[in-house]
Structure formats: structure tokens, C-alpha cells
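Reading through the C-alpha cells given below for one structure.
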Amino acid sequence: MRRMKIIIVGLPLFAKRLQEGLSKFDSSNRYSHLDTYYSKKDKVKAALQVPRADCIFSINGAIVSSGVFDLAFKKNVPIIMNWVGTDVLKAIDAYKNNKHQQHYIDRTMHFCEVDWIQEELKEIGINAEVVNFAAFDKSFELAEVTSTKLSILSYIPENRSEFYGMNTMIRLAKKFPDVNFTLAGTEGTDFAPLPNNLKALGWVSNMGAVYNQAHACLRYTDHDGLSSFILESMARGKQVLYRNPFNHCAHCPTEEALESEITTLKTQLNEGKSLINADAAAFIKDKFSEAVIFGGLIDKITEIVRKS
């Protein structure tokens, strides 16, 4: 088969990361990234490049009009939408209000990362295949955290902080004054004053150093796909408290469940037990390596292009 030209669009951070990963992993095909959300230059490029592409891969789904997708449909370029989270909520709303375009559902290949998103998509007639795109080939040293006080890390962006669980983090910090809570992403200005044991770092360029100081990582969003924060936390052997059920994570669907799990971790730490989650790290190494994730994704894309 001739060399494929794959254009990756959607959420810029993850789309660019995937393009770089696939390009490094697979030199036999060409992968390019276009930021059609924020870059006027890339929007112009899309008008020229999309008609000549073999496939459009989007990290974000949609069932309402999109310039890139409309052009791809017009030129019969195959589209793969990888649904990731909030895009599902927007699609469900559009579908219920009859504001969707049915051919966005019928003429697109749909992927998602996890089964609970798969089930949500079925509500609007989308049968998505579970296919992951985040790969972790680096093995991290699973070292004990030196702090004798339980330390919990979460990621909450500056925008939509409440959606990502900011109020829950504040309540937990007040409930557990002897536990250190750290937030990456937000400075927490709109929620000041924060409890003394809740530190909001804002944007962090070196997350490795922050992970190294955490015994556990927490994710408590109103709605979520399979978070990269969760996967990286697992890869680093952290205890993971997750609102959704996932392998080797403590399922905490309520704040009461979070409180119970935090109490358990505190007890284990005070008893001198290791909090390294070696099973989680082994799971990521086995199931989310570049060979497994990128290799499987390339096979899927190749099959779709051949059938188009």
C-alpha cells in the first residue's frame, strides 16, 4: 500500500502529541497536525490539504457542522472521530434538540477510549469502537515518596474549575487538614482563600517533579473520558482515586468514597506500608506501550483507508 497522508485535528495539545508520536513510531506514513481551533494559518492549510489527505483523525467528536469535516465529506475523505469526554455531552445535547447532522453519525468511523463513553454514544446512535491513542513507552522509577504526610495531587485547569472538581478538593482539604493536597493547572484565585493544606501551582512545565512528591492522584470531574492524567499517574505507580471505574484505580463515585479511600491511605502510610501502585504501572506498560497503542491505531487507520 502506498504511503498514507493522515491529518490529525481536534484538541491541539493531544493532537500534536499524537502526531509527533506516530511520526516517530511509523516512518512509512505521513502524519501532520493542523490546529483548526485557534490557528488561522492552519485553517487555510486545511482547505488545501484536507482534499489530498487519505484520512482525517480527530481527537474530539462532533455531530454539528465543522469546516474540516464538511470539506472531508465533500471530498469523500474518510473521517475518524475519537470521542474523549465533554464532546459527548455536547453531542447528546445537540441530538436531543434535533440540531445534529445525521451524516456526521452515519458517514464517520467512531472511536472512544473507554466503555462508559461507548455506552453514552449509543444513546445517540453512535456505535464507537474502543481504541486508545495515548501511549507510554517510558518506564518510571517507582520510588517511595519521602514525605511522611499523605500527599494527593490533582489536575484542575484554570477554566471550568468547578467542573473538574475544585469545590470537592476544597472540601476534602478542610476535612483532612493533616493531608497535603496539590493542584496543577489552576492558581485557585477565584476560590481564595484556599485552605492552608491546599496548594494551587498554576501551569506546571515540569510535572515529573510534582508527581514525585505525591503518594496518590485524584480525578473527580463531573464527566470524563479516559484521562491522560489518570494514565500517567498509573504509569508512575501512584495510588489513583478516580470517579470512574478503571483497572487498578480506587473507584470513588462519591465524596464519601473519596473520604473513605483517603482515610485508608493515611492508615497504610502511618503503618509504614508502601503506597507504590506497582500493578498500575505494570498494566500501563503492558497495555499502553507505543507498540500496542500506535501499532493498533495504525492498523485501524490502514483498514479504514483501504475500504474507503
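The values are calculated or read from the model by the stated rules, or taken from the named source; none is laboratory data. Every value quoted in this text rests on a predicted model; they were computed, and no experiment measured them. Counting neighbours? That spans all protein chains shown, and the Cβs are built from the backbone with ideal geometry, glycine included. For accessibility, only protein heavy atoms count, side chains too; no ligands or nucleic acids. Shrake-Rupley method; radii C 1.70, N 1.55, O 1.52, S 1.80 Å.
The table below lists the values:
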{"quantity": "Verdict on Ala214 being out of contact with any Pro (no Cβ under 6 Å at 6 or more places or on another chain), crowded, with 23+ Cβ neighbours inside 10 Å and under 20 Å from Glu141 (Cβ atoms)", "calculated": "yes"}
{"quantity": "The one condition in (1) open to solvent by 30 Å² or more (accessible area, probe 1.4 Å); (2) without any contact (Cβ under 8 Å) to a residue 12 or more places away in the chain; (3) part of a helix (DSSP H, G or I) that Gly208 fails to fulfil", "calculated": "(1)"}
{"quantity": "Criterion violated by Met234 - all others in (1) within 20 Å of Val84 (Cα to Cα); (2) open to solvent by less than 50 Å² (accessible area, probe 1.4 Å); (3) at pLDDT 95 or above; (4) in a loop (DSSP other than H, G, I, E, B) satisfied", "calculated": "(4)"}
{"quantity": "Selected residue (criterion: nearest to Lys149 (Cα to Cα)) from residues of region 292-306 that are touching a residue at least 24 places away in the same chain (Cβ under 8 Å) and open to solvent by 50 Å² or more (accessible area, probe 1.4 Å)", "calculated": "Val292"}
{"quantity": "Tally of residues being closer than 15 Å to Thr302 by Cα, polar (S, T, N, Q) and surrounded by 17 or more Cβ atoms within 10 Å (Cβ to Cβ) across region 14-32", "calculated": "1"}
{"quantity": "Filtered residues of region 169-205 (kept if open to solvent by 20 Å² or more (accessible area, probe 1.4 Å) and part of a helix (DSSP H, G or I))", "calculated": "Ile170, Arg171, Lys174, Lys175, Thr189, Asp190, Phe191"}
{"quantity": "Selection count, region 118-168, where residues are assigned to a loop (DSSP other than H, G, I, E, B), among the hydroxyl-bearing types (Ser, Thr, Tyr) and either closer than 21 Å to Gln213 by Cα or touching a residue at least 40 places away in the same chain (Cβ under 8 Å) (or both)", "calculated": "5"}
{"quantity": "Test: residue in region 239-247 that is among the basic types (Lys, Arg), free of Cβ contacts under 8 Å to residues at least 24 places away in the same chain, part of a loop (DSSP other than H, G, I, E, B) and over 20 Å from Gly208 (Cβ atoms)", "calculated": "no"}
{"quantity": "In region 1-54, the residues that are acidic (Asp, Glu) and either within 20 Å of Ser228 (Cα to Cα) or assigned to a loop (DSSP other than H, G, I, E, B) (or both)", "calculated": "Glu20, Asp26, Asp35, Asp54"}
{"quantity": "Check on Ile117, farther than 30 Å from Ser289 by Cβ and touching a Gly at 6+ places or on another chain (Cβ under 7 Å)", "calculated": "no"}
{"quantity": "Residue satisfying all of: in region 217-230; within 21 Å of Ser274 (Cβ to Cβ) and in contact with a helix residue (DSSP H, G or I) (Cβ under 9 Å, 6 or more places away or on another chain); surrounded by the most Cβ atoms within 10 Å (Cβ to Cβ) among these", "calculated": "Leu218"}
{"quantity": "Filter result for Ile304 (of a type in the set (A, V, I, L, M), in a helix (DSSP H, G or I), in contact with a strand residue (DSSP E or B) (Cβ under 7 Å, 6 or more places away or on another chain) and under 30 Å from Met4 (Cβ atoms))", "calculated": "yes"}
{"quantity": "Number of the exception - Gly272 against (1) on the phi > 0 side of the Ramachandran plot; (2) open to solvent by 80 Å² or more (accessible area, probe 1.4 Å)", "calculated": "(2)"}
{"quantity": "Residues located in region 56-70, provided they are farther than 11 Å from Val9 by Cβ and not hydroxyl-bearing (Ser, Thr, Tyr)", "calculated": "Gly61, Ile63, Val64, Asp70"}
{"quantity": "Number of the condition not met by Tyr38 [criteria: (1) open to solvent by 10 Å² or more (accessible area, probe 1.4 Å); (2) in contact with a Pro (Cβ under 6 Å, 6 or more places away or on another chain)]", "calculated": "(2)"}
